[in-house]
1. Taking the stated definitions as given, is residue 147 among the β-branched types (Val, Ile, Thr) and touching a Ser or Thr at 6+ places or on another chain (Cβ under 9 Å)?
2. Which of (1) touching a residue at least 60 places away in the same chain (Cβ under 8 Å); (2) out of contact with any Phe, Trp or Tyr (no Cβ under 9 Å at 6 or more places or on another chain) is the odd one out, the single condition residue 132 does not satisfy?
3. From 121, 158, 95, 60, which residue is more than 17 Å from residue 173 (Cα to Cα), in contact with a Pro (Cβ under 8 Å, 6 or more places away or on another chain) and not hydroxyl-bearing (Ser, Thr, Tyr)?
4. Looking at residue 149 and the list (1) in contact (Cβ under 8 Å) with a residue 60 or more places away in the chain; (2) assigned to a loop (DSSP other than H, G, I, E, B), which single condition is not satisfied?
5. Got a number for residues in the range 153-205 being more than 17 Å from residue 72 (Cβ to Cβ) and touching an Asp or Glu at 6+ places or on another chain (Cβ under 6 Å)?
Amino acid sequence: MKIYDVSQLLDKDTPIYPGNPEFSTIFESTLTTGTSNVSKITMGSHFATHIDAPLHMEEKGFSISDIPIDTFIGKCTVLDLTNVDVSITESDLRKAGLVENSSSNKILVLKTKNSIRGFSKFYPDFIYLDPSAAEYIVSRKIKLLATDGPSVKKFHSKDLIHKFLFDNNIVIAEGLVLQNIEKGEYTFVGMPLRLKGLDGSPCRIVLIEGDFESLN
């Protein structure tokens, strides 16, 4: 068994989606009381590796704390889409192995060129989902879609992709680090913070290769 951490490291150099809150940490020493150190953290709910809740796009959508916890755990399929140059289409998904008789795993992870070039800065030309791909993913009855892009939609485009996925009960994880992940089957574990009433949350996501029961 092997565990892969596919989360971005959070610090002042982690790229931020334009328009989102800045990230900062402030170290506040309270050792004068003889007890502890405490740091203050400021960041957006969609910073780095994160989970989107339907409230992100819908005023009355489910918040991150409303989503059942078992949504974020389960067998997943990683598809290699690093041959895609602009946007992922239904045809790309089929060629990568997401077909009618493929694995029934309910979590889908998409590896693209976003991971290959890394996360040293924000790239506005990131790989995104074409509507045909979103429709095909819905037809596969996925419960969670995870991608290495900062968003599933094209940068600065009208956002129909998020809403379409949310309307079909698909939760979205974005900003995964997948450079060292091969296509195949894994166990996905990615827990958002239990933030009451919020539209999303940063999270720590791992992919587990091999027999999960051997974790002990």
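1. Working: among the β-branched types (Val, Ile, Thr): yes; touching a Ser or Thr at 6+ places or on another chain (Cβ under 9 Å): yes.
It is true that residue 147 is among the β-branched types (Val, Ile, Thr) and touching a Ser or Thr at 6+ places or on another chain (Cβ under 9 Å).
2. Just one mismatch for residue 132, condition (1).
3. Numbers: 158 fails: in contact with a Pro (Cβ under 8 Å, 6 or more places away or on another chain); 95 fails: in contact with a Pro (Cβ under 8 Å, 6 or more places away or on another chain); 60 fails: in contact with a Pro (Cβ under 8 Å, 6 or more places away or on another chain).
Only one candidate passes the filter, namely 121.
4. (1)
5. 3
Read-outs: derived from the displayed coordinates by stated rules, not from any lab. The model shown is predicted, which means the values in this text are computed figures rather than measured ones. Glycine also receives a Cβ, built like all others from the backbone with ideal geometry; neighbour counts cover every protein chain displayed.
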